[in-house]
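One structure is given here, and the rest of the page talks about it.
Rule-based calculations on the coordinates, nothing more; no lab input. None of the values given here were measured: they were computed from a predicted structure. Quick reminder, even Gly has a Cβ in these numbers, built from the backbone with ideal geometry, and neighbours come from all protein chains shown.
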Amino acid sequence: MSYLLLTSTGFFHQKVRDQFYELISNAKSAVIITTASPQKELNQYAIQAQVDLIDMGFEQVTFLDVEKEAISSLENADVIYLNGGNPFRLLHFLRESGADELLQKRVKEDCVIVGVSAGAVVLGASIRIVEWFSPSLNTIDLKDFKGCELYKYSLFPHADRIDLFPGATSIEERNREFEKSSGEHVFQLADDEFKLITF
């Protein structure tokens, strides 16, 4: 059985950590995809995820930058963890490397895929919601906002963090406006929440 665990903040909240721990009874290896962050494997959240996974008993936890490195380590990893950062860059390089198709394959196998913030957004149907809220993040001028389609809607992380998305209206109202204009369904995820999908 495979699982997709979508979060805003990874293992920062205990209930997310507890849910993850229930899914990994025989897991020994994990790969952390660092591409979304400009700091890559030096990103503090990627480093903390590695520490957390080792503390949970993983024997092998490696970093992977799909922008520059071969994606073969994803083929046999028990856990694939997509760290947060810039969703446009992450999606672009997932496609360019072929990792998007490999993720679609792995989610049908005995695997746990964890998406954190941008890492959760790109796994859905579309990242157009990010363009709606934060077009300045699209530094690579991505035109195709179709996601990896591991689930069939759009996800908005940090939905309780209005400080991250200043605007004239609330996050919920702006999401409703986006749904009306785009026809896409948006699932809102607060920082202390998670969404678990079973395959």
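Can you give the charge dipole size of the chain about its Cα centre, rounded to the nearest 20 debye, using +1 on the beta carbon of Lys and Arg and -1 on the beta carbon of Asp and Glu? Walk me through the numbers before you get to the answer.
Working: 19 positive and 30 negative charges, 68 e Å.
With Lys and Arg at +1 and Asp and Glu at -1, about 320 debye.
Kindly flag which residue pairs out of LYS15/LYS68; LYS40/LYS180; LYS28/LYS180; LYS28/LYS143; LYS143/LYS180 have an alpha-carbon separation exceeding 32 Å in this structure. Working shown, then result.
Numbers: LYS15/LYS68 34 Å; LYS40/LYS180 36 Å; LYS28/LYS180 44 Å; LYS28/LYS143 38 Å; LYS143/LYS180 21 Å.
Violating the 32 Å limit, Cα to Cα: LYS15/LYS68; LYS40/LYS180; LYS28/LYS180; LYS28/LYS143.
Within the chain, what percent of beta bridges assigned by DSSP are antiparallel, to the nearest 5?
20 percent
Can you give the calculated 222 nm mean residue ellipticity of the chain, where each DSSP H run of n ≥ 4 adds -39,500 (n - 2.57) and the sum is split over every residue, rounded to the nearest 500 deg cm²/dmol?
That comes out to -9000 deg cm²/dmol.
Over the Cα atoms of the range 108-160, what is the Rg over Rh ratio if Rh follows Kirkwood?
That ratio is 1.00, to two decimals.
Tell me which of TYR3, ALA77, THR35 sits at the most positive position along the dipole axis of the range 1-77, charges placed on C-beta atoms (Lys, Arg +1; Asp, Glu -1).
TYR3
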